[in-house]
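*Asks:* Have a look at this one.
The values are calculated or read from the model by the stated rules, or taken from the named source; none is laboratory data. These numbers were taken from a predicted model, which means no experiment stands behind them. Cβ sites come from the backbone with ideal geometry, for glycine too, and all protein chains shown count toward neighbours. Protein only, heavy atoms only, side chains kept; ligands, DNA and RNA dropped before computing areas. Shrake-Rupley method; radii C 1.70, N 1.55, O 1.52, S 1.80 Å.
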Amino acid sequence: MVLSGRPRRDPPGPGQESVWDYPRPPRLELIRSRLTVVLGAETIADTTAAYRVLETSHPPNYYFPPDDVLDGALERAPGASFCEWKGRAHYFTVRGGGRVVHEGAWGYDQPSEPFAAIRGYVAFYAGRMDACFVDGERVVPQPGDFYGGWITRSGAGPFKGGPGSRGW
């Protein structure tokens, strides 16, 4: 809930972590959860060796090793953006099962030192794919069109990205 432009933390329930306990600057964690991405009814990415980025007020972003993404599913797209923590990001056109999604994923060729482990890894926008899963649970995309976090039952918000959250 938001009052006077400032968010009020949702109390985490059993087995949940609050995104308001995530650090700023963000933290990178290796995880062994099974992550799956489906596009055009085809599984285009599947891993148990990903990284997640945890940042205050954001659901986690998940970064897949390139070897765990289907060959031919990614094509470098024009354009870039800059993250104050990770550096310059580039985008991918994502293909799967006959579907094509422009800027459906992103990655870093030369991330900043604290994020060096995700060099060459790929993060997918859950809202632009058919479905994304963490340990079999279908994720809810982070609100808004800019951020790419994946929301699961294990996270408590509120989450940055929706209307009125720009200044969080």
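*Asks:* In nm, to one decimal, how far is the modelled label at residue 80 from the one at residue 117, with both set 7 Å along Cα→Cβ?
*Replies:* 2.5
*Asks:* For the chain, give the magnitude of the charge dipole about the Cα centre (Cβ charges: +1 Lys/Arg, -1 Asp/Glu; no others), in debye to the nearest 20.
*Replies:* For the chain, the charge dipole is close to 540 debye.
*Asks:* Whole number in Å², please: accessible area per residue of the chain, 1.4 Å probe, ligands, DNA and RNA not counted.
*Replies:* Per residue, the chain has 51 Å² of solvent-accessible surface.
*Asks:* Counting only protein heavy atoms and a 1.4 Å probe, tell me what percentage of the chain's accessible area is made up of carbon and sulfur.
*Replies:* It is 50 percent, rounded to a whole number.
*Asks:* Right, another one. Trypsin sites (Lys or Arg not before Pro), restricted to region 134-168: which are DSSP loop and have at most 11 other Cβ atoms within 10 Å?
*Replies:* 166
*Asks:* Give the shape of region 48-154 as rounded, prolate or oblate, defined through the alpha-carbon gyration tensor: a ≥ b ≥ c are the square roots of its eigenvalues, a/c under 1.5 means rounded, and otherwise the shape is prolate if a/b is larger than b/c and oblate if not.
*Replies:* Rounded shape, in that the Cα axes give a/c under 1.5.
*Asks:* Let me ask something additional. Between rounded, prolate and oblate, where does region 105-168 land on the alpha carbon gyration tensor, with a ≥ b ≥ c its root eigenvalues, rounded for a/c under 1.5, else prolate if a/b exceeds b/c?
*Replies:* Taking the square roots of the gyration eigenvalues as a ≥ b ≥ c, region 105-168 is oblate.
*Asks:* Between residue 17 and residue 137, with labels modelled 7 Å along Cα→Cβ, what's the label distance in nm to one decimal, could you check?
*Replies:* Taking the simple label geometry, residue 17 and residue 137 are separated by 1.2 nm.
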